[in-house]
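Everything on this sheet refers to the single structure shown next.
The values are calculated or read from the model by the stated rules, or taken from the named source; none is laboratory data. Note that this is a predicted model, so its numbers are computed, not measured. With ideal geometry, Cβ positions are generated from the backbone for all residues, glycine too; neighbour counts draw on all protein chains shown. The protein model used for the area step is the full one, side chains on, heavy atoms only, and it has no ligands, DNA or RNA in it. Shrake-Rupley method; radii C 1.70, N 1.55, O 1.52, S 1.80 Å.
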Amino acid sequence: MNTSTAEQFDLVVVGGGPSGATLAALVAMRGHRVMLLEKERFPRYQIGESLLPATVHGVGKLLGVTEELEKASFTKKLGGTFRWGSKPEPWTFTFAISQKLAGPTSHAYQVERMKFDKILLDNARRVGVDVREECSVNDVIKAGDRVTGLRYTDADGIVREVSATFVADASGNRSRLHKNTGGKRVYSEFFQNVALFGYFEGGKRLPAPRSGNILSAAFDDGWFWYIPLTEKLTSVGAVVARERADQIQGDPEKALLKLIDRCPEVRDMLSEARRVTEGTYGEIRVRKDYSYCGTAFWSPGMVLVGDAACFVDPVFSSGVHLATYSGLLAARSINSVLAGEIDEKRSFEEFEQRYRREYGLFYEFLVGFYDMHHDEQSYFWKAKKVTKANTSDIEAFVELVGGAASGDSSLAGMRLEQTAGQLAAAVDSVGVEARRDGEQNAPLFRSAIVGEVMQESARVQARAALGHALNDEDPLFSGGLVPSGDGMAWVVPAV
C-alpha cells in the first residue's frame, strides 16, 4: 500500500498506556484526528501501581477522569511510610501537610494498572480517538528526515499503512521506535538495579490512617516496596544493586522469599499472607537496567513520551506521573503546531526542555536521597549521613518531592554533590530546629531543592481545577513558551 492511499490522521500514537492515552485524548479534545495503535487488548498487566496527586488531580482533571477514578474504589493513598536509613523507626509523610495540596487534592491512589490504564484508554475513545487494539507497529514511514506515518499489522494479520502529521512513540521501555529520533538511550551509572516482584494476598496493613500508604523499607541488600492495592491484594517488590543480582538467580520464588526474610518490616507484614500463584498476578517478574534517558526526545514528525523517552527509579512512584505529564507536554506542542500558532521546532524544544527538567529533578533528588540515607552495613546505599527524621518536616519534604517534581535538569557531578550535601544538612538540622507538628519553615522545607519541586505541579492542578492559570506565568527558559489558559497548548508570553 502506498502512503498516498493510506488513512490519514493528524496524530498517530503507538501505545495505549498512560502516556499514550493522555496525549491522544488531549489532542483529540482540540478537534484533531487521532489514531492510537495498541499491540495488546486491554485490560492487560503492567507494573507501577502507585500514583501521585499531580496525576489524579492535575492531568486527570484535564482529561475529565477524576470522578471516574474516585468511583473505581482504588485504595486511597494519603502519603507514604519509609523505613529508610540507619534509624530503626519508620517515618511517614502525608500530602495534606503541604499548603499546595491540602484539602480535596491531598490524596492519590494505589491502582491496579489493568483497571487504571483501561479507564484512560476508554476515555480516549470517548473523546474521539480511533483506538485500535491488537495492532503491532512494524516501522515508521519517512519522507527524507521527517517521519510521515507508520506501517502496522492489524488484528486480522493485514499489513496496513497510516499517514500522519505527527507520530508519537508511547510504547514504553521496550520501544523499538525510539531510535527514529536519531538518539540513543543512556543508562544510569547510579541506578543499575534489578527489581524482583510478585503479589500476595492477606498481607497486613499499616495502622489507620496510614493503611493505604506505600511502605518502602530499606535493608542491607537494597529496598522493598509494599503496595496495598486492595483490601486483600499487595504488590511486593525487591530492588537490589546489579552487583547483587546473583541473589535472584535460579528459582525466582525462592529468591524473592529469601529477600523478604532479610527485610524484617516486610517479613512481618507478610507473616500471615500467601503468594498469588495463578492468573495475571501469579507470575514473579524481573526488571533490570530500568533507569535511562534518551539523547533525543523528538525529531521532525515524531515525539517520544513516557518510558519511551526516559525512566528514573520506582522509589517515589514517579513513573506514571512522568508518563502522563510528558503526554500533556507533547499534546501542548502538537496542538500548537496543528493550529498554526507556533512552529514545530520551537514547540517541541519547549516540550523536551520541560520534560528533561522534570526527569532531571527526580533523578537529582533520588541520587541525593539514596546517598543521604546511608546504611553503613550496605554498599547499596552510597551514603554519608545517618537519618535523623522528625516526622512533620520529613512529611513536608517528601510530599513535595513525591507530589510532582520540577527543577533544574542539570546532572553535573558538582550539582549532585551539592544536592546530596544540602539535603543531608537539612535532615541533620531537623531534630534541633523543628519539633513542632505542622512547622512549615523547617530546614527541609526551606531548602532550595525542595523549593523548586512543586511549582509546575501546582500550576497544572490549579489550571485543571479553575480552567485557567492562577496568574500569568513566566517562561521557564530564556525565550521559552508558557501554557495556554486551558493548559492544552503553548503560547508566546506577553512582553
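Each row is one residue, and each column tells you yes or no for (1) polar (S, T, N, Q); (2) in a helix (DSSP H, G or I); (3) more than 30 Å from Val492 (Cα to Cα).
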| position | (1), (2), (3) |
| --- | --- |
| Asp246 | no, yes, yes |
| Leu256 | no, yes, yes |
| Glu272 | no, no, yes |
| Arg332 | no, yes, no |
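Report the residue count in segment 235-255 for those that are of a type in the set (Val, Ile, Thr) and touching an Asp or Glu at 6+ places or on another chain (Cβ under 7 Å).
Qualifying residue count for the region: 1.
What number of residues in segment 214-244 are in a loop (DSSP other than H, G, I, E, B) and under 15 Å from Arg267 (Cα atoms)? Explain how you work it out, then say what you get.
Just the residues of segment 214-244 that are in a loop (DSSP other than H, G, I, E, B), to begin with: 220-221, 229-232.
Then drop every residue that is not under 15 Å from Arg267 (Cα atoms), which leaves 220-221.
Counting residues in segment 214-244 that are in a loop (DSSP other than H, G, I, E, B) and under 15 Å from Arg267 (Cα atoms) gives 2.
Sort out which residues of segment 177-191 are surrounded by fewer than 20 Cβ atoms within 10 Å (Cβ to Cβ), at pLDDT 85 or above and not hydroxyl-bearing (Ser, Thr, Tyr), and write them in order of number.
Answer for segment 177-191, where residues must be surrounded by fewer than 20 Cβ atoms within 10 Å (Cβ to Cβ), at pLDDT 85 or above and not hydroxyl-bearing (Ser, Thr, Tyr): Lys179, Asn180, Gly182, Gly183, Lys184, Arg185, Val186.
Taking Arg274 as the residue in question, decide whether it is among the basic types (Lys, Arg), modelled with pLDDT of 95 or more, touching a Phe, Trp or Tyr at 6+ places or on another chain (Cβ under 9 Å) and more than 21 Å from Phe93 (Cα to Cα).
Here the answer is yes, as Arg274 does meet what is asked.
In segment 135-175, which residues are under 26 Å from Val286 (Cβ atoms), in a loop (DSSP other than H, G, I, E, B), touching a residue at least 12 places away in the same chain (Cβ under 8 Å) and open to solvent by 20 Å² or more (accessible area, probe 1.4 Å)?
Within segment 135-175, Ser171, Asn173 qualify.
Given the conditions (1) surrounded by fewer than 22 Cβ atoms within 10 Å (Cβ to Cβ); (2) out of contact with any helix residue (DSSP H, G or I) (no Cβ under 8 Å at 6 or more places or on another chain); (3) among the β-branched types (Val, Ile, Thr), which single one is not true for Val194?
(2)
I'm trying to understand the selection: among the residues of segment 46-63, which are in a loop (DSSP other than H, G, I, E, B) and either of a type in the set (D, E, K, R) or open to solvent by less than 40 Å² (accessible area, probe 1.4 Å) (or both)?
Selection gives Ile47, Gly48, Glu49, Leu51, Leu52.
Restricting to segment 197-213, name every residue that is farther than 14 Å from Leu270 by Cβ, open to solvent by less than 10 Å² (accessible area, probe 1.4 Å) and not small (Gly, Ala, Ser).
Going through segment 197-213, the residues farther than 14 Å from Leu270 by Cβ turn out to be 207-213.
Now restrict to residues that are open to solvent by less than 10 Å² (accessible area, probe 1.4 Å): 212-213.
Residue satisfying the conditions is Asn213 alone.
Give me the pairs, please: first residue somewhere in segment 198-213 and over 27 Å from Ile248 (Cα atoms), second residue anywhere and open to solvent by 70 Å² or more (accessible area, probe 1.4 Å) and of a type outside the set (S, T, N, Q), beta-carbon distance under 8 Å, and either six or more positions apart or on two chains.
Gly212/Lys76
I'm trying to understand the selection: among the residues of segment 337-368, which are more than 17 Å from Phe311 (Cβ to Cβ), of a type in the set (Asp, Glu) and without any contact (Cβ under 8 Å) to a residue 60 or more places away in the chain?
Asp343, Glu344, Glu349 - these are the residues of segment 337-368 that are more than 17 Å from Phe311 (Cβ to Cβ), of a type in the set (Asp, Glu) and without any contact (Cβ under 8 Å) to a residue 60 or more places away in the chain.
Conditions tested, residue by residue: (1) of a type in the set (Val, Ile, Thr); (2) over 22 Å from Ala168 (Cα atoms); (3) buried (at least 16 other Cβ atoms within 10 Å of the Cβ); (4) modelled with pLDDT under 90.
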| residue | (1), (2), (3), (4) |
| --- | --- |
| Leu69 | no, yes, yes, no |
| Phe74 | no, yes, yes, no |
| Pro104 | no, yes, no, yes |
| Leu121 | no, no, yes, no |
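Taking segment 183-208, which residues are touching a Lys or Arg at 6+ places or on another chain (Cβ under 9 Å) and part of a loop (DSSP other than H, G, I, E, B)?
Phe190, Gln192, Gly202, Gly203
Using beta carbons and a limit of 7 Å, which pairs, at least six apart or on different chains, have the first residue in segment 9-33 and open to solvent by 10 Å² or more (accessible area, probe 1.4 Å) and of a type in the set (Asp, Glu) and the second one in a loop (DSSP other than H, G, I, E, B) and at pLDDT 95 or above?
Between residues of segment 9-33 that are open to solvent by 10 Å² or more (accessible area, probe 1.4 Å) and of a type in the set (Asp, Glu) and residues that are in a loop (DSSP other than H, G, I, E, B) and at pLDDT 95 or above, the close pairs are Asp10/His32; Asp10/Arg33.
Could you list, in sequence order, the residues of segment 246-283 that are without any contact (Cβ under 8 Å) to a residue 40 or more places away in the chain and within 23 Å of Arg83 (Cα to Cα)?
Gln247, Leu257, Lys258, Ile260, Asp261, Arg267
I'm checking my understanding of the structure. Among residues of segment 269-286 that are charged (D, E, K, R) and surrounded by 12 or more Cβ atoms within 10 Å (Cβ to Cβ), which one is farthest from the chain's Cα centre (by Cα)?
Arg275
Evaluate the following for Glu134: is it touching a Lys or Arg at 6+ places or on another chain (Cβ under 6 Å) and either within 24 Å of Glu231 (Cβ to Cβ) or among the charged types (D, E, K, R) (or both)?
It is true that Glu134 is touching a Lys or Arg at 6+ places or on another chain (Cβ under 6 Å) and either within 24 Å of Glu231 (Cβ to Cβ) or among the charged types (D, E, K, R) (or both).
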